[in-house]
1. So the check is Cβ under 8 Å with 6+ separation or different chains; which pairs have a first residue in region 157-180 that's assigned by TED's automatic domain parsing to the domain that holds Asn212 and a second one that's modelled with pLDDT under 90 and exposed (fewer than 11 other Cβ atoms within 10 Å of the Cβ)?
2. Checking Ile252 against (1) at pLDDT below 95; (2) more than 19 Å from the chain's Cα centre (by Cα); (3) surrounded by 17 or more Cβ atoms within 10 Å (Cβ to Cβ), only one condition comes out false. Which one?
3. Within 20 Å of Ala107 (Cβ to Cβ), in contact with a Leu (Cβ under 9 Å, 6 or more places away or on another chain), among the polar types (S, T, N, Q) and assigned to a helix (DSSP H, G or I), is that true of Thr254?
4. Counting just the residues of region 78-110 that are surrounded by 14 or more Cβ atoms within 10 Å (Cβ to Cβ) and over 23 Å from the mean Cα position of the chain (by Cα), which one comes out nearest to Pro131 (Cα to Cα)?
5. Of all residues in region 37-63, how many are outside any helix (DSSP H, G or I) and either under 16 Å from Leu24 (Cβ atoms) or not assigned by TED's automatic domain parsing to the domain that holds Ala25 (or both)?
6. Using beta carbons and a limit of 8 Å, which pairs, at least six apart or on different chains, have the first residue in region 207-218 and closer than 15 Å to Gly132 by Cβ and aromatic (Phe, Trp, Tyr) and the second one part of a strand (DSSP E or B) and at pLDDT below 95?
7. If the requirement is being touching a Pro at 6+ places or on another chain (Cβ under 8 Å), part of a helix (DSSP H, G or I) and either at pLDDT below 95 or within 19 Å of Ile252 (Cα to Cα) (or both), which of these qualifies: Leu157, Leu95?
8. Would you point out the residue of region 219-249, among those that are free of Cβ contacts under 8 Å to residues at least 12 places away in the same chain, in contact with a strand residue (DSSP E or B) (Cβ under 9 Å, 6 or more places away or on another chain) and assigned to a helix (DSSP H, G or I), that is nearest to Leu159 (Cα to Cα)?
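The values are calculated or read from the model by the stated rules, or taken from the named source; none is laboratory data. Model, not experiment: these values are computed from the prediction. Every residue, glycine among them, receives a Cβ derived from its backbone with ideal geometry; neighbour counts consider all protein chains shown.
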Amino acid sequence: MMRKPPDLTEVDQNSATTTGTQTLARGLSVLQAVAGGARELMEISRVVGTTRSTTHRLASCLVQERYLRFTANVGYALGPKLIELGFQAREEISLTVVARPYLDQLAEQSGDTIHLAIRDADDVLYLDKIPGKKGLEMRSRVGHRMPIATTGVGKALMLGMPEDEWKSLYQKRNTAANSDTSKLLQKRSWTEFRDQMRQYTAGGYAFDLEDNEPSIRCVAAPIYDARHMIVAAISVSSTVPYMSLKRMQSLIDTVKQAASGISGELGATVAKMQLVS
């Protein structure tokens, strides 16, 4: 009869974590060495400071995962996976560049706070923010994350998702650690949230009705890429005194037009965007 292996002690777990971190750091050092021109195993070993066998093991793993490639008589070179990631990073950076003129125009037109965001797992990640001219300060900032289903830009990013994914994200937002947010979320049942999302999907926009931050409302719209997939969203935000429901309705077309302009920069066509909206 086989006995169950003993559980790892806290010391063992810390040791395993340290070992994993060291292995990751060494793997990254191998990549950097190859990027710096090292081609042969011995040369990479010398640059990284590891034994030949350890370097071979790390390099072989990186080749298998396509971060490196190996060619006889040539040696190691950077692999196609890094090219893919490089293009992805470039696209994210270029998004802020192509979007900025439209964000500036939207900020000038509205005088309110403008956001640009993308999806990051179950959160929104803010890529750009232009503060409003009314002396208002919001907790959002570039590089900040918030639960996707609590924000206007987040709901705009959700417009292309199936309803079962809406429900999953709605349920996750209800367990958000932020107490103020949790209190606000309890105001709307799943059915109410779903019906709102259906309305937003039909109209190609989304509202934040104080779901994420007390007294803050916003109007948001999705951004599409050349595949006509939602890849980002923008929003106009302000406090309740400056953002009545009537004004929110009047801003829908303005925000959608700005989002459409950015989408066009990314290769989306107006006709296709209307079909998926």
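1. Correct list of pairs: Asn174/Gln186.
2. (1)
3. Numbers: within 20 Å of Ala107 (Cβ to Cβ): yes; in contact with a Leu (Cβ under 9 Å, 6 or more places away or on another chain): yes; among the polar types (S, T, N, Q): yes; assigned to a helix (DSSP H, G or I): yes.
Spelling it out, Thr254 is indeed within 20 Å of Ala107 (Cβ to Cβ), in contact with a Leu (Cβ under 9 Å, 6 or more places away or on another chain), among the polar types (S, T, N, Q) and assigned to a helix (DSSP H, G or I).
4. The residue in question is Ser110.
5. Step one: list which residues in region 37-63 are outside any helix (DSSP H, G or I), which gives 37-40, 49-51.
Those still in the list that are either under 16 Å from Leu24 (Cβ atoms) or not assigned by TED's automatic domain parsing to the domain that holds Ala25 (or both) too: 49-50.
Of the residues in that region, 2 qualify.
6. The qualifying pairs do not exist here.
7. On the way: Leu95 fails: touching a Pro at 6+ places or on another chain (Cβ under 8 Å).
From the options Leu157, Leu95, the qualifying one is Leu157.
8. The qualifying residue nearest to Leu159 (Cα to Cα) is Gln249.
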